[in-house]
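Chemist: This is the structure, below, for whatever I ask next.
None of the figures in this text is laboratory data; all of them are computed from the coordinates on show. Keep in mind that this is a model prediction, so the values were computed, not measured. Cβ placement follows ideal geometry from the backbone for every residue including glycine, while neighbour counts extend to all protein chains displayed.
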Amino acid sequence: MSPEYLAYLAQSPYGKSYFLSVAHKTTNLACINKTKLSNFPALIPSPEEQSSIVNLIRACDAAIATLERETQLVDELFRAMLDDIMTGRLSAAPLIEEHAAQ
């Protein structure tokens, strides 16, 4: 089994559900022993399918990271523009006029 595939499977809702159901829980700590770990009912597709799944998840993770960076940049731009408007360095009148014209 591909280590990357197993890692993604363990982090999936399916994997989390299993591990949370068998974990020994103490204050702020959940423990799993080797037997329970070995008994994880892993879904094992062919090596080719595992590779495809890993590649798809990596692509999704990369897209999410890109969107998160873009969101952060837009938020920074909004805050900078808001600061400029609130301090009078930038007039909101053109924005209001443009919005009213639409």
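Chemist: Please work out whether segment 1-83 counts as rounded, prolate or oblate from its C-alpha gyration tensor, where a ≥ b ≥ c are the square roots of the eigenvalues and a/c under 1.5 means rounded, while otherwise a/b larger than b/c means prolate and anything else oblate? Can you show the working numbers first?
Modeler: Numbers: a/c = 4.97, a/b = 1.63, b/c = 3.05.
Judged from the Cα gyration tensor, segment 1-83 comes out oblate (a/c at least 1.5, b/c at or above a/b).
Chemist: Please identify which residues in segment 6-23 have an amide N closer than 19 Å to a label point set 7 Å out from the Cα of Ile64, following the Cα→Cβ vector.
Modeler: Answer for segment 6-23: 6-20.
Chemist: Another question about this same structure. How much net charge surrounds Leu90 when only other residues with a Cβ under 12 Å from its Cβ are counted (Lys, Arg +1; Asp, Glu -1)?
Modeler: Values: positive: Arg89; negative: Asp83, Asp84.
Every neighbour counted, the sum reads -1.
Chemist: Let me have the 222 nm mean residue ellipticity of the chain computed from DSSP H runs of 4+ only, each contributing -39500 (n - 2.57), with the sum over all residues rounded to the nearest 500.
Modeler: Result for the chain, helices only: -23500 deg cm²/dmol.
Chemist: Mind giving me the nanometre distance, one decimal, between the label points for Ala80 and Ser2, set 7 Å out from Cα along Cα→Cβ?
Modeler: Those two pseudo-labels are separated by 4.0 nm.
Chemist: Within a 10 angstrom radius of the beta carbon, how do Ser46, Ser2 rank from fewest other beta carbons to most?
Modeler: Ser46, Ser2
Chemist: Would you compute the Debye intensity of segment 45-102 from its alpha-carbon atoms alone, equal scatterers and no solvent, and pass along log10 I(q)/I(0) at q = 0.25 Å⁻¹ to two decimals?
Modeler: Debye output, listed in q order: -0.95.
Chemist: For Asn28 and Leu73, compute 0.36 nm times the residue count separating them, minus their Cα-Cα distance, and round to one decimal in nm.
Modeler: Full-extension gain reported as 12.7 nm.
Chemist: For a label point 7 Å from the Cα of Glu97 along Cα→C-beta, name the residues of segment 49-85 whose backbone N is under 20 Å from it.
Modeler: Counting only backbone N, you get 82, 84-85.
Chemist: Which residue, chosen from Leu37, Ala62, Phe78, occupies the Cα position most advanced towards the positive end of the dipole of the chain, where the dipole is computed from +1 (Lys, Arg) and -1 (Asp, Glu) charges on Cβ about the Cα centre?
Modeler: The residue sitting most towards the positive pole is Leu37.
Chemist: If you put +1 on each Lys and Arg Cβ and -1 on each Asp and Glu Cβ, how big is the dipole of the chain around its Cα centre, in Debye rounded to 20?
Modeler: Computed charge dipole of the chain: roughly 860 debye.
Chemist: Still on this structure, please answer the following. Give the distance, in whole Å, between the Cα centre of segment 12-38 and the Cα centre of segment 39-102.
Modeler: 33 Å
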